[in-house]
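Below is one structure, written out as structure tokens; comments come after it.
The values are calculated or read from the model by the stated rules, or taken from the named source; none is laboratory data. These numbers were taken from a predicted model, which means no experiment stands behind them. Methodologically, a virtual Cβ is constructed for each residue, glycine included, from the backbone with ideal geometry; neighbour enumeration extends over all protein chains shown. Surface accessibility is based on the protein's heavy atoms, side chains included, excluding ligands, DNA and RNA. Shrake-Rupley method; radii C 1.70, N 1.55, O 1.52, S 1.80 Å.
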Amino acid sequence: MRVYLETFGCQMNELDSELVRGQLLSLGHEFVPHPDEAQVVLFNTCSVREHAEQKVYSRLGLAGVRKKQGEQLIVGVIGCMAERDGVDLFKRYPQVDLMCGPGELDRLPLLIDNAARADAADRSERVALAGNKSRRSATLQAAEDNLELLDLSRAFEPVANDAKSRSAYVRITRGCNKFCTYCVVPHTRGAEVHRPPSHIVDECKRLVDAGVLEITLLGQTINHYRYTHGTALTVDGHEAPQVGPGLAAFRKPPDPGARTTTFADLLHRIHEEVPALQRLRFVTSYPRDFGDDILQVMRDSPRICHYLHVPAQSGSDRMLKAMNRGYTVSEYLEFIDRVTTTLPDCTIGGDIIVGFCGETDEDFEQTCELVRRVPYKNNFIFKYSPRPGTVAFDRLADDVPDEVKRARNNALLALQNTVSARVHERWVGRTVPVFLEDIRERAAPTGPANGHVALSVAGRAPAAATLRIRQVIGRTPGDLIVALPAPENAETMLGTIQSARIIGSKPLLLDGVFPTI
Ligand code: 5AD
Ligand code: SF4
């Protein structure tokens, strides 16, 4: 069948979509770029903030109109929103034919088949949710084993010679056990489960053999990765995914009798066993239990990027407690100090929620103080949005008015901009490797600058408004964006790593030139 798949939300979702795509292609389905051409329309959804859900509702509205007009169309909602909304969504949106949670995606082909014979299949055969009775197995372990097969069945054909294909995600942990009070992820993606290191290393090797240059390891709290060997085996004796050990495991030294792969061990293994991998990075780090062993492996392994995405969420201890984050501001700062001491050139990004339940002006000021203190290259700033099913939704009043949330959001963005500008400035004068990803053409506001090539539209005199510059855009190992004047053969450079000399900076961008051109 012809399938259209649209993805919302995080990197985890992007990876899920890639795996779903591979799985459906291998079964003979084909993918089309526009929903109008499709027989099956799938939305891989995100539930983390309300805004992401609104977009899906509007897509479902459009699909509903098509079905009302008599089109034969299968509409599927997959991912976190399906899991969170459950069968309610079916009731409110009768145009939805199937629903599949993120922990059940291996069952998607079956659900599509069932929906194709909709009259024959009753609704329960078109729903696969972890919280639903139709779950195929009573045990988390068996469900995980099946889900692991989805990751293992990833297609490893030689990748196209473009930047997107040369950069890949590899999951190391599914789910999350932290239960931050605002967050829906532990409810939609379930308990933290770690993949066996051999599966992860093998997946990295096969991706690199297929032409991938850059791998980003994914986990909700990636530094909590820990795999104890010999405890979880499949029926045929292979290592199986394993439920996380819990926070207590990080409070005491590892059991001397146990053979354990820590996150530091895993990074080291991938770096050593996949020597052709050019860049290894990982998201998202949790500010607690991030040992010096990880920092040392990063320092000693030249192809591991010195970049951390490590959300603080707030700079107020009172808010951190209400959020159940499990650390204080001074513990967060102690961690940042360890990072900058061991890895002076490490770039740091984060996430911050403003307007969480009970946040006062003083709490917010403490968050501003944190942003002034930490050399963040960027922060994603979110207005708190209450999510049904979470502790905050049930027990804490969403009492910060929306206009206050908006004002704090804007003030923090402005402050972050000044911090980002300072961080970017430090790179001017250095030469850095840049992974080239994209070409863009844009208006040159004040004529040619910094050696950029100015083009005039259709040979007309280059009046200020018509002046265009063509730039190639890339990323440093620290995930800073670099814009360089595009040489004629720029297209052929996409998906390669080149040296760039940094000659200028803006709050969110470095200006560079190719030293040899
Ligand atoms: N409201 C606002 N932001 C949220 N995030 C997670 N849940 C919520 C929520 N209910 C943000 C956090 C997290 C990022 C992925 O999304 O900052 O790190
Ligand atoms: Fe959500 Fe907290 Fe888990 Fe991150 S650590 S996914 S914010 S519960």
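Annotations
- Within the stretch 192-202, the residues that satisfy the criterion of being within 18 Å of the chain's Cα centre (by Cα) and either within 16 Å of ligand 2 (Cβ to nearest atom) or open to solvent by 10 Å² or more (accessible area, probe 1.4 Å) (or both) are Glu192, Val193, His194.
- Going through (1) of a type in the set (A, V, I, L, M); (2) away from ligand 1 (no atom under 16 Å from the Cβ); (3) free of Cβ contacts under 8 Å to residues at least 60 places away in the same chain one by one, Ile294 falls short only on (3).
One line per residue, one yes/no per condition, for (1) in contact with a strand residue (DSSP E or B) (Cβ under 7 Å, 6 or more places away or on another chain); (2) more than 16 Å from ligand 2 (Cβ to nearest atom):
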{"site": "Phe8", "(1), (2)": "yes, yes"}
{"site": "Arg49", "(1), (2)": "yes, no"}
{"site": "Gln54", "(1), (2)": "no, yes"}
{"site": "Leu62", "(1), (2)": "no, yes"}
{"site": "Gly76", "(1), (2)": "yes, yes"}
{"site": "Pro94", "(1), (2)": "no, yes"}
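- Within the stretch 36-131, helices (runs of 4 or more DSSP H) holding 1 or more residues that are among the small types (Gly, Ala, Ser): 50-68, 80-85, 108-116
- Of the residues screened, Leu213 is one that is open to solvent by 10 Å² or more (accessible area, probe 1.4 Å) and more than 9 Å from ligand 2 (Cβ to nearest atom).
- Qualifying residue in the stretch 469-481 (condition: at pLDDT below 95 and not basic (Lys, Arg)): yes
- Subset of the stretch 71-110 that is surrounded by fewer than 18 Cβ atoms within 10 Å (Cβ to Cβ) and among the acidic types (Asp, Glu) - its residue that is nearest to Lys55 (Cα to Cα): Asp88
- Every condition in (1) within 16 Å of ligand 1 (Cβ to nearest atom); (2) under 25 Å from Lys321 (Cβ atoms) holds for Leu247 except the one numbered (1).
- Considering (1) outside any loop (DSSP other than H, G, I, E, B); (2) surrounded by 21 or more Cβ atoms within 10 Å (Cβ to Cβ); (3) at pLDDT 95 or above, the lone condition that Tyr227 does not fulfil carries the number (3).
- Residue match in the stretch 162-181 (condition: among the polar types (S, T, N, Q) and away from ligand 1 (no atom under 16 Å from the Cβ)): yes
- Residue within the stretch 275-290 that is away from ligand 2 (no atom under 16 Å from the Cβ), in a helix (DSSP H, G or I) and more than 21 Å from Cys176 (Cα to Cα) present: no
- Filter pass, Arg206 being within 16 Å of ligand 2 (Cβ to nearest atom) and out of contact with any His (no Cβ under 7 Å at 6 or more places or on another chain): no
- Residues that are within 16 Å of ligand 2 (Cβ to nearest atom) and closer than 27 Å to Glu334 by Cβ, drawn from the stretch 368-390: Asn379, Phe380, Ile381, Phe382, Tyr384
- The condition (being assigned to a strand (DSSP E or B) and in contact (Cβ under 8 Å) with a residue 40 or more places away in the chain) is satisfied by just one residue among Ile200, Ile270, Ile215: Ile215.
- Selection status of Pro388, more than 30 Å from Arg470 (Cα to Cα) and at pLDDT below 95: yes
- Annotation: of all residues in the stretch 333-350 being open to solvent by 10 Å² or more (accessible area, probe 1.4 Å) and in contact (Cβ under 8 Å) with a residue 60 or more places away in the chain, the one that is farthest from Arg318 (Cα to Cα) is Asp345.
- Residue within the stretch 176-190 that is polar (S, T, N, Q), within 30 Å of Glu157 (Cα to Cα) and not assigned by TED's automatic domain parsing to the domain that holds Thr45 present: no
- For the stretch 240-270, a residue qualifies if it is charged (D, E, K, R) and either assigned by TED's automatic domain parsing to the domain that holds Gly103 or touching a His at 6+ places or on another chain (Cβ under 7 Å) (or both), and exactly one does: Arg259.
- Among (1) in contact (Cβ under 8 Å) with a residue 60 or more places away in the chain; (2) open to solvent by 50 Å² or more (accessible area, probe 1.4 Å); (3) of a type outside the set (Gly, Ala, Ser) - the single one Leu150 does not satisfy: (2)
- Tally of residues being under 30 Å from Ala414 (Cβ atoms) and assigned to a strand (DSSP E or B) across the stretch 465-484: 11
- The stretch 172-189: number of residues that are modelled with pLDDT of 95 or more and open to solvent by 20 Å² or more (accessible area, probe 1.4 Å): 2
- Residue among Phe380, Phe393 that alone is closer than 28 Å to Asp85 by Cβ and in contact with a Pro (Cβ under 6 Å, 6 or more places away or on another chain): Phe393
- Scanning the stretch 159-171 for residues that are of a type outside the set (D, E, K, R), assigned to a loop (DSSP other than H, G, I, E, B) and open to solvent by 30 Å² or more (accessible area, probe 1.4 Å) gives Val159, Ala160, Asn161, Ser165.
- Residues (within 16 Å of ligand 1 (Cβ to nearest atom) and part of a loop (DSSP other than H, G, I, E, B)) located in the stretch 8-35: Phe8, Gly9, Cys10
- Enumeration of residues in the stretch 487-513 that are over 29 Å from Asn379 (Cα atoms) and open to solvent by 10 Å² or more (accessible area, probe 1.4 Å): Pro487, Glu488, Asn489, Glu491, Thr492, Met493
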